[in-house]
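In what follows, a single structure is set out as structure tokens and then discussed.
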Amino acid sequence: MIMSVLIYAHHDGEKFPKPVLELASYAYALARQTGGTVIAIVTGNPRESDLEKLGQHGVSKIWVTPEPAGPSFDNRAYAALVASAAEACGASFVLFADNAISRAVAPRMAVRLKAGYVSGVAGLPLHTDPFTVKRSVFTGKASAYAEILTPVKVLILARNTWQTIENPVTCLIEKFTPAVSLPAPDFEVVKVMEQTGTIRLQDAEVVVSGGRGMKSADNWKVLEDLAGALGAALACSRPVADEGWRPHQEHVGQTGKVIAPNLYIACGISGAIQHIGGISSSRVIVAINKDPEAPIFQFARYAIIGDLFQVLPALTQAVKKLKSE
Amino acid sequence: MKILVCISVVPDTTTHIRFTDKMDALDTNGIQWIINPWDELALTRALEIREHPGSGVTQISVIHIGMKDTEPVIQKALAVGADSAYRVNHAPADSLEAASQIAEVVRKEPFDLVITGHDSADYNGSAVGEMLAELLGWASFSSISSLSVVDSVITLERESDIRSETIIAKAPCVVTIQKGIAKDPRIPSLRGIMTARSKQLTLVEPVKCAPLTHFVRFENPAPRSQCRMVDPSHVEELVNLLRNEANVL
Amino acid sequence: MDFQLTEEQKMIQQAARDYANRELIQDVLERDADSIYPAKHVKALADLGFMGMMVDPKYDGSGMDTISYVLAMEELSKVDASVSVIVSVNNSLVCYGLEEFGTEEQKEKYLRPLARGEMLGAFLLSEPEAGSDATSQHTLAEDMGDYYLLNGTKNWITNGNSASVYIVMAQTHPELKHKGINSLIVDRNSPGITLGPHEDKMGMRSSDTHSVMFTDVKVPKENRLGPDGFGFKMAMKTLEGGRLGIAAQALGIASGAYERALKYSKERKAFGTEIFNHQSVAFKLAEMYTKIEAGRLLCFHAAWLKDNGLPYGTASAMAKYHCAETAMWVTTEAVQIHGGYGYVREYHVERLMREAKLTQIYEGTSEIQKLIISRDIFSR
């Protein structure tokens, strides 16, 4: 049997988000390394044009299956569904992107398949026999090599680890029916609040963040303007949240939210190790601070040493100019 | 209703992480051990729930899979208000081992609600809660930002990409919480500290269980490349770099 | 000799440290600048059991040993000596005397709510004309049969305004000199008590310090602590423990300043390197660390003696003398290491330096401590 790489392709209602395309690209590379092909399991009824996107990124087969019945997402049912798909295609690898849904499904599914599970995977395996893969540990302070000892392997790919690469292949789209009846959800949803407008911090690709260097809550407009120009989410350091200048939901750090955007712009943030712990997986960190001794410069890829209140408006202008071109 | 909170013991978040010479294990010399921050918040929430009259909660226990040297940290959970604790005498190699040991204990005791933290600050597996639920055949809920129990009825708020839902869950179930579930961890009262030792800490021998994964080697982070400084009077240069060099704009 | 802390002691130390670093630090500068009383902290610490740390649990205390008390005092004082002095007075100067010398009725009525922190206490010994020389008390407590009539003025009273219970030392039998002094438990709300204005102090500005005036205040006989004429002895015995609390406070002030100086020296660069790499700074910090460790051991030893029922008056005098002098020196040097930054409020060390000064003065000046120590060594 051909070694299949099964990926769980989560559709967000509008499209397959970038992490899923990154996952497909990684899966294609993994399949090439191990002599297999990539199958995607997709729930719901996405547009043909969205499914073709998966084909452009190396997926040779897409199994489309109805959403499991129930009032809302049920971890048990989805785990059974994906496990059933993995068994049906004899998958050696079952791959997930790093998001809340994956964390809900992958571990349960791994138990069902008696498969070794590694999350936070940071690249292709070092070797396939024994199967060894690298992941970050201690919230980014170190790395580890994990060995999976089972024939079937479940991996969650870390954010910002693999670029989306187009590898167009012929893509077959099939209906999939799980071999087992899915467990019926046993809970009630009594209220639903749709998130509108504001970009969810965890999923934002660009984040603009403010620290004590902003001096006061009243000064946040310059950050809001920059975030608006960039289409970015807002975040802040712990002291800012503790002072009440910004809501706690914006607090990013080891004891707040841990995020992994493409671009993180730290304004007036000194770079205490606990803050770094929340942002170290960002693809690019930019620091703007007037203190040349600030530790953040050791972690930033680009930096400006200057007065925030001069630099930020100028930066906003430059971004707007770029976007209009 | 009986609540079990799963706690992991991790190095203090300010610790400089070092490995042994062979780079195959954590160098534990001089490490200050603490309750994993997420788990501490989970315990705090459980205590808050119980403090409300009419919750129906009759017992809050904690469980940890670890060796004897973790007992002082477990004592802290008792000092802040947990009624009893279990320590399974084993150092798990992966999340599945930990979940399997917890499952054994839960099968023997009638817990109604098991709470775990999203992640542990050491190996960042984010799997124990869901694996435990699968092993027990229980329902599970993750990304929970709010949890309450009134008259033994469990109400949760679950956050996803696009919405937040209020759910009424049936016991027994496993709930994996994220930060925001409680504001600050508790400082134990002095009486709590003095009486922690009189609370029950049950030592449980582990069941035989083979890990399906393990860590073979560790590595310190690669040295960072130099930071590229941009002149504050030419911020457009930064924008160009971000677009053309870094490809993030 | 086991120098290890027990697990309970470590937890107590951590609890005090967590409260200090999470809560006290938030508003300590503001309260120092404007002399604001730390009401919410007193309540929170009371709820955690810090107001009656060594009191027996049967009176609603926390039942801790004295070493734990020293650890807690050090941790709180690293951040906020105003709050730690409020705690120390309630524990060492008020709860101690009531538990040691009080009747069951007195303990029920006063010790229990004090241990719970529902009431705060104050200790009134110093007078305008009598500070170090406590034998000459001018405050009179005239024996009127079934009550004492209290008249006089007491000075420098910590918790003067916030306390509901005063332990007042006053002269009943002037002819017996110090053997005619009594300790009286006085209800703050008794008619005839007036307070002087809040003292505008150099440091520990968040604790309330007042002079207290008694004009024909009636104190019921059953409020006398111990037998007739026992007051001076009670005060001296109480101060033995009180000075240990202040020694621990001074230790904390020194520790807090040292930790800040150490951190600063590892971050601040001058002449091409972090200032810690300049030997004059490194050596200064080494001296600080040594003196602080020595002070800590003196405090632990005095605490151990007290917990084991052995005489500890000299040991606590040595602890207080050494720790207070160390605190003054360490904080001054900590300001120096910080350079210009050490002179501004934001960096805390100037406040610690102002706080250190009082530890050399109150609850027995350093000179009095030396008197106690020299008297003891003379008889050996």
Next item on the list: Starting from residues that are farther than 13 Å from C:N161 by Cβ and surrounded by 19 or more Cβ atoms within 10 Å (Cβ to Cβ), keep the ones in the range C:202-217 and report whichever is nearest to the chain's Cα centre (by Cα).
Entry: C:M204
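Residue check: is A:N75 within 14 Å of chain B (Cβ to nearest Cβ), out of contact with any Phe, Trp or Tyr (no Cβ under 6 Å at 6 or more places or on another chain) and polar (S, T, N, Q)?
Working: within 14 Å of chain B (Cβ to nearest Cβ): yes; out of contact with any Phe, Trp or Tyr (no Cβ under 6 Å at 6 or more places or on another chain): yes; polar (S, T, N, Q): yes.
Yes.
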Notebook entry, point to check: Which residues, counting only those in the range B:198-231, are at the interface with chain A (Cβ under 8 Å from one of its Cβ atoms), in contact (Cβ under 8 Å) with a residue 24 or more places away in the chain and not aliphatic (A, V, I, L, M)?
Noted result: B:P211, B:T213, B:H214, B:F215, B:R217, B:F218, B:E219, B:N220
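Out of the strands (runs of 3 or more DSSP E) lying entirely within the range C:100-201, which hold 3 or more residues that are not polar (S, T, N, Q)?
Values: elements: C:121-124, C:140-143, C:147-158, C:165-171, C:181-187, C:193-195.
Once the strands (runs of 3 or more DSSP E) in the range C:100-201 are filtered for at least 3 residues that are not polar (S, T, N, Q), what remains is C:121-124, C:140-143, C:147-158, C:165-171, C:181-187.
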Check: Cβ-Cβ below 7 Å, separation at least six or inter-chain, first residue in the range A:63-81 and part of a loop (DSSP other than H, G, I, E, B), second of a type in the set (D, E) and surrounded by fewer than 17 Cβ atoms within 10 Å (Cβ to Cβ): which pairs?
Finding: A:P71/A:E188
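Give the range A:258-280 a look and list any residue that's among the hydroxyl-bearing types (S, T, Y), within 11 Å of chain B (Cβ to nearest Cβ) and surrounded by fewer than 21 Cβ atoms within 10 Å (Cβ to Cβ), or say none. Lay out the reasoning, then the answer.
Taking the range A:258-280 and keeping what is among the hydroxyl-bearing types (S, T, Y), we get A:264, A:270, A:280.
Now restrict to residues that are within 11 Å of chain B (Cβ to nearest Cβ): A:264, A:280.
Across the range A:258-280, the qualifying residue is only A:S280.
Picking from B:A85, B:A79, which residue would you name as being within 12 Å of another protein chain (Cβ to nearest Cβ) and over 23 Å from A:G256 (Cα atoms)?
Result: B:A79 is the single residue among B:A85, B:A79 that is within 12 Å of another protein chain (Cβ to nearest Cβ) and over 23 Å from A:G256 (Cα atoms).
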Margin query: B:V174 - would you say it is within 14 Å of chain A (Cβ to nearest Cβ), in a strand (DSSP E or B) and not basic (K, R)?
Written below: yes
Item checked: Residue list for the range B:108-149, restricted to those being touching a residue at least 60 places away in the same chain (Cβ under 8 Å), surrounded by 21 or more Cβ atoms within 10 Å (Cβ to Cβ) and of a type in the set (S, T, Y) -> B:T116, B:S120, B:Y123
Next item on the list: Please specify each residue of the range B:228-245 satisfying the condition of being out of contact with any Gly (no Cβ under 6 Å at 6 or more places or on another chain) and surrounded by 18 or more Cβ atoms within 10 Å (Cβ to Cβ).
Entry: B:V230, B:V235, B:L238, B:V239, B:L241, B:L242
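I'd like to check something: does the range C:59-69 contain any residue that is under 19 Å from C:E240 (Cα atoms), of a type in the set (D, E) and surrounded by fewer than 24 Cβ atoms within 10 Å (Cβ to Cβ)?
Step one: filter the range C:59-69 for residues under 19 Å from C:E240 (Cα atoms), giving C:64-69.
The next check asks that each one be of a type in the set (D, E); those that pass are C:65.
Now narrow it down to the ones that are surrounded by fewer than 24 Cβ atoms within 10 Å (Cβ to Cβ): C:65.
The answer is yes; a qualifying residue exists.
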Notebook entry, point to check: Scanning the range A:114-126 for residues that are within 10 Å of chain B (Cβ to nearest Cβ) and not aromatic (F, W, Y), which turns out farthest from B:L135 (Cα to Cα)?
Noted result: A:L126
Item checked: Total residues in the range A:206-228, condition within 14 Å of chain B (Cβ to nearest Cβ) and surrounded by fewer than 19 Cβ atoms within 10 Å (Cβ to Cβ) -> 1
Next item on the list: Could you give me the residue pairs with C-beta distances under 7 Å whose first residue belongs to the range A:92-109 and is more than 7 Å from chain B (Cβ to nearest Cβ) and within 10 Å of B:S126 (Cα to Cα), whose second residue is hydrophobic (A, V, I, L, M, F, W, C) and in a helix (DSSP H, G or I) wherever it lies, and which are 6+ apart or on separate chains?
Entry: none
Notebook entry, point to check: Among the residues of the range C:360-378, is there at least one that is in contact with a Cys (Cβ under 9 Å, 6 or more places away or on another chain), assigned by TED's automatic domain parsing to the domain that holds C:E267 and part of a helix (DSSP H, G or I)?
Noted result: no
Note to self: Being buried (at least 20 other Cβ atoms within 10 Å of the Cβ) and modelled with pLDDT under 95 narrows it down to one residue among C:G131, C:G152, C:G117; which is it?
What the structure shows: C:G117
Check: For the range C:70-100, what are the residues that are of a type in the set (S, T, Y) and under 21 Å from C:A235 (Cβ atoms)?
Finding: C:S88, C:S92, C:Y96
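Out of contact with any helix residue (DSSP H, G or I) (no Cβ under 6 Å at 6 or more places or on another chain) and part of a loop (DSSP other than H, G, I, E, B), is that true of C:L45? It would help to see each step written out before you state the result.
Values: out of contact with any helix residue (DSSP H, G or I) (no Cβ under 6 Å at 6 or more places or on another chain): yes; part of a loop (DSSP other than H, G, I, E, B): no.
When the stated conditions are applied, C:L45 does not pass them.
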Check: For the range C:7-19, which residues satisfy the criterion of being modelled with pLDDT under 95 and either more than 7 Å from every other protein chain (Cβ to nearest Cβ) or farther than 17 Å from B:E71 by Cα (or both)?
Finding: none
Checklist line | Odd one out for A:E293 among (1) in a helix (DSSP H, G or I); (2) in contact with an Asp or Glu (Cβ under 8 Å, 6 or more places away or on another chain) | finding: (1)
Next item on the list: Please work out which residue is nearest to A:S281 (Cα to Cα), limiting yourself to the range A:194-216 and to residues that are of a type outside the set (G, A, S), assigned to a loop (DSSP other than H, G, I, E, B) and modelled with pLDDT of 80 or more.
Entry: A:E205
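The values are calculated or read from the model by the stated rules, or taken from the named source; none is laboratory data. Predicted, not measured: the structure shown is a model, and the values here were computed from it. Ideal geometry is used to build each Cβ from the backbone, glycine not excepted, and the neighbour counts take in all protein chains shown.
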